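Novice: Got a structure for you, written out below as structure tokens; questions coming shortly.
None of the figures in this text is laboratory data; all of them are computed from the coordinates on show. In this text the structure is predicted, and so the values were computed from the model without any measurement. Every residue, glycine as well, gets a Cβ built from its backbone with ideal geometry; the counts of neighbours run over all protein chains shown.
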Amino acid sequence: MNLKLRAARWYLDVLQHLESAVGLDRHAGVEMALDGCLSNLTGAVDAALARLIVTLERRLTAVC
């Protein structure tokens, strides 16, 4: 999950750099950078939910 969050942060940093350096437009790869950021953020959420489910299953199994 941390890897996905770091990757999303990298995409955001690149977007901020592009904005200050050249201004943002479709030709600067903004759509691809936003797609990469969103993809990694959703991947991080998926990983967190999977970990939460596994943890809850272990707890519930141990109680029963």
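Novice: Which ³J(HN,Hα) values in Hz, rounded to whole numbers, follow from the phi angles of segment 4-10 under the Karplus curve 6.51 cos²θ - 1.76 cosθ + 1.60, where θ = phi - 60° and Gly and Pro get x?
Specialist: After applying 6.51 cos²θ - 1.76 cosθ + 1.60, I find 5, 5, 5, 5, 4, 5, 4 Hz.
Novice: Could you check the spin-label model distance between residue 62 and residue 47? Points 7 Å from the Cα along Cα→Cβ, value in nm.
Specialist: It works out to 2.4 nm between the two label points.
Novice: Also, quick follow-up: If each of residue 16 and residue 38 carries a label point 7 Å out from its Cα toward its Cβ, how far apart are those two points in nm?
Specialist: The answer from the label model is 2.1 nm.
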